[in-house]
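Encoded as structure tokens, the structure appears first; notes follow it.
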Amino acid sequence: MAGHSKWANIKRQKARVDAVKGKVFTKISREIIVAARSGVPDPEGNFQLRTAIDKAKAAGIPNDNIDRAIAKGAGKLGADNAALEAIRYEGYGPGGVAILIEALTDNRNRTAADLRVAFSKNGGNLGETGCVGWMFEQKGVVEVSLVPIETGRKRRSDTVVIQEDALLEAFLDGGADTYELIEAEQGAAAEALTEVSNLETLSQTLKEKQYAVSRIELRWIPNNTLDVTDPDQARSLLKLMDALEDLDDVQSVTANFEMTDELMSLSIA
């Protein structure tokens, strides 16, 4: 197993969009509703629901909102959101970049129309089912915060080196396929990939070994990536990603591009 940075820029792009959009509560609440509806409405016996609740708490969603979403999913607050269904859409961005979109919607026609407009206004086009899906593989992702160790040395790199051997062993014990050291909002962290069916086992193993698990999610990983080096293409691409993320029915957007941090900063400006 080795460190893996193939999706780093895509992940940072997702984090950037998440940080500026104002619809996080609605999107995560929908995840909770669907999770509660698809299994038992008890997080102890429903890993999908437990993960959605953890994400909600990390985003600062009040407990009352979380409880209300669970109740809706369980059918205790009427038929609201009973028609929500998960749909995956696919398309192309500027320069042929492949884009995969996950949505929760109660109206397929509305969602498809909104996506088509967002693509067409930003140099892309909505494709047919299967046109780019084969370029991605869904993986389970677990992020672990690296807790500083008192060593008398101040450099963060020393802390990471000291912890990495034990962390690697924990990842292997939990069935991780690969990992990457990253810089998260709270500081140094490590992110591991695993098979979707093993996500709960990996997260539970790390928690049992007293690691601070800060994120658990499913993520689409591109099998190959396109390097974006042209500033104009970068601006158009990021504008399209923003437009797609801002749609009410869209839960996540993944693309198979990479670009330098410098170019990304220029494109955001």
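Bear in mind that the values in this text are calculations on the coordinates, not laboratory data. Since this is a predicted model, take the numbers as computed values, not measurements. Neighbour counts are summed over all protein chains in view; Cβ atoms, including those assigned to glycine, are modelled from backbone coordinates with ideal geometry.
A few comments on the model shown:
- Cα centroid separation, region 172-244 to region 39-116: 19 Å.
- Fewest-first ordering of Lys239, Lys76 by other beta carbons within 10 Å of each residue's beta carbon gives Lys76, Lys239.
- For region 32-49, 3J(HN,Hα) computed residue by residue from phi via the Karplus equation (6.51, -1.76, 1.60; θ = phi - 60°) reads 5, 4, 5, 5, 5, 6, 7, x, 5, x, 10, x, 5, x, 9, 4, 4, 5 Hz, glycine and proline entered as x.
- Taking amide H as placed 1.01 Å from N in the peptide plane, Gln138 has its amide H under 5 Å from the amide H of Ile221, each at least 5 places away in sequence or on another chain.
- Under Karplus coefficients 6.51, -1.76 and 1.60, residue-wise ³J(HN,Hα) of region 229-236 in Hz, glycine/proline x: 10, 8, x, 5, 5, 4, 4, 5
- Out-of-range pairs (alpha-carbon distance over 19 Å; input Lys57/Lys239; Lys27/Lys121; Lys23/Lys55; Lys121/Lys239; Lys23/Lys139; Lys23/Lys121): Lys57/Lys239; Lys27/Lys121; Lys23/Lys139; Lys23/Lys121
- Residue order, fewest to most surrounding Cβ atoms within 10 angstrom, among Glu143, Glu128: Glu128, Glu143
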